[in-house]
Amino acid sequence: MSGQIESPIIEMKALGKTFFSENGQVTALKNIDLQIHKGDIFGIIGMSGAGKSTLVRCINYLEKPTEGEIWFDGKELGALDQKSLRQVRQSMGMIFQQFNLWMQRTAEGNICFPLEIAGVSQAEAKKRAKELLKLVGLEDKAGAYPSQLSGGQKQRIAIARALATSPKVLLCDEATSALDPTTTESILSLLKDINKRLGITIIIITHEMSVVEKICSHVAIIDQSTIAETGSVHDIFTHPKTKAAERLVYPNDNRINKLIGKRCARIVFDGSSAYEPVISSMILECKATVNILYADMKDIEGKAFGELILQLPQDETTADKVIYYLKSRDLHVEEVNDYVG
C-alpha cells in the first residue's frame, strides 16, 4: 500500500539481560527499545562495559534475554523452537574482532563451513565460496591458510564466510578494532559496498565514533546498560542531546567553560556547507575579524559536520552583520553568551 511504513527487520522491546553468579547479579542490559530497518547500516556505540557485545549476542539469541522481546523479520525469537531458531540464525551473519577463522582450513574451506552445516552440497559450496572470494577481492587466496594472511585479509575472509548463507543481516562486533587505520578504512569501504550492492542490513558494534561517522546511517548510544540516545548519524553529530552522546561526539572536549567577549555565536555545520569557504567569505563580506574559540569539525563523506564557537566583533552593528550573513548561508547559528560546554 502506498505510504505504508515498512516494519523494522529487527525490533527490541523492553529488552533486559541479567547475569547471575555466586557473587551476585550483574545487569548488562535494561529496558532496551530499538528498531533497525532493512538496508540500514546501524551503529551501536558505547564505552567498554556499556553492554554492546551482550546486546549483539542477544540479537541472534546466542544470549537469551532475561526479559523483553527480540523480533527478527516478523518473528519473536523467544517463541521459536530450536530448529526454527537455527534457521533464523542462518539469516544473520556475524564477524568478530579476532576473525575466528578455522586455522586448519583454507580460505575457501572457511567460507564453505557454514554451507556444509546448512547441508549444501560440496560443489555448490565451492561455487558460492568462489563468488564470495571475488566479492571481497581475494580470488587468488582460495588455497591460503589464515596463518598466511594479513589481518585485513583474514577479516575479508571472515566477511565472505558470514555472507555464505545469504543472510539478511550482518552483525559486526568490533570488527575493525584489531586493524590498523588504513586496513580499517578498506574494510569499512567493503562493508558499505556490500550494503549497497546486496541490500543487506549491517549492524556495527563499536566503541569508535570514527567508525560510525564513516559508514553508519543511524546510531544508538548505549550507556550504563541502557540506550541513552538514538537517531540518524547526522542528528546525533550536529545536536547531541545527552551527556553520553556528547562524550562520544566530543571525546577530547576542550571547549572553554566560559566564553570571553560581549557576544559569541555557535555555528552548527550539518553537511550543507563547507567550513573554510563560509568563514573566509564571511570575513571578506562583512569586513570583520572573529576569534575561533572552539572548533570540532568532522568530514563525513566529503561534507562538513560539527560546530564552531566564534567571538563576535565588539561593534554591535558588525556583530549583527556577521550573524545575519551566517544565517543567510542556511547555517544553524545561535548566540551563546556565557555558554558552558
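Taking a straight Cα-Cα cut-off under 14 Å and skipping sequence neighbours fewer than 8 places away in the same chain, the aspartates and glutamates within cross-link reach of Lys130 are Glu108, Glu139, Asp140.
Taking amide hydrogens as placed 1.01 Å from N in the peptide plane, the amide H of Tyr294 sits under 5 Å from those of Ile309, each at least 5 positions away in sequence or on another chain. Give Lys262/Lys287; Lys64/Lys196; Lys126/Lys168 a once-over and call out the pairs whose C-alpha atoms are over 27 Å from each other. Result: Lys64/Lys196 exceed 27 Å. Please identify, among Glu11, Glu285, Glu22, the residue showing maximal mean-square fluctuation in a Gaussian network model of the chain using a 10 angstrom Cα cutoff. Looking only at Glu11, Glu285, Glu22, the largest GNM fluctuation is found for Glu22.
Taking the DSSP bridge list for the chain and keeping only pairs wholly inside it, about 70 percent are antiparallel. Rounded, prolate or oblate: which fits region 1-149, taking a ≥ b ≥ c as square roots of the Cα gyration tensor eigenvalues, rounded meaning a/c under 1.5, else prolate when a/b beats b/c? It comes out prolate by the Cα gyration axes.
The stretch between Glu139 and Gln25, if pulled fully straight at 0.36 nm per residue, gains 36.2 nm over its current Cα-Cα span. The amide H of Arg263, built 1.01 Å from its N in the peptide plane, has Leu312 as neighbours under 5 Å, considering only residues 5 or more places off or on other chains.
Computed from point charges on the beta carbon alone (+1 for Lys and Arg, -1 for Asp and Glu), the dipole magnitude for the chain about its Cα centre is near 960 Debye. In the chain, the C-alpha radius of gyration followed by the widest Cα-Cα span (Dmax) gives 23.9, 79 angstrom.
Averaging 1/r over every pair of different alpha carbons in region 64-213 and inverting the result gives a Kirkwood radius of 16.1 Å. Between region 44-97 and region 146-186, the alpha-carbon centres lie 20 Å apart. On full extension, the segment bounded by Ala14 and Asp235 gains 77.2 nm, given 0.36 nm per residue less the C-alpha separation.
Quick note: the coordinates plus some simple rules give every number you see, no bench work behind them. Keep in mind that what you see is a predicted model, and the values were worked out from it rather than measured. Here Cβ is always computed from backbone atoms with ideal geometry, including for glycine, and neighbour counts include all displayed protein chains.
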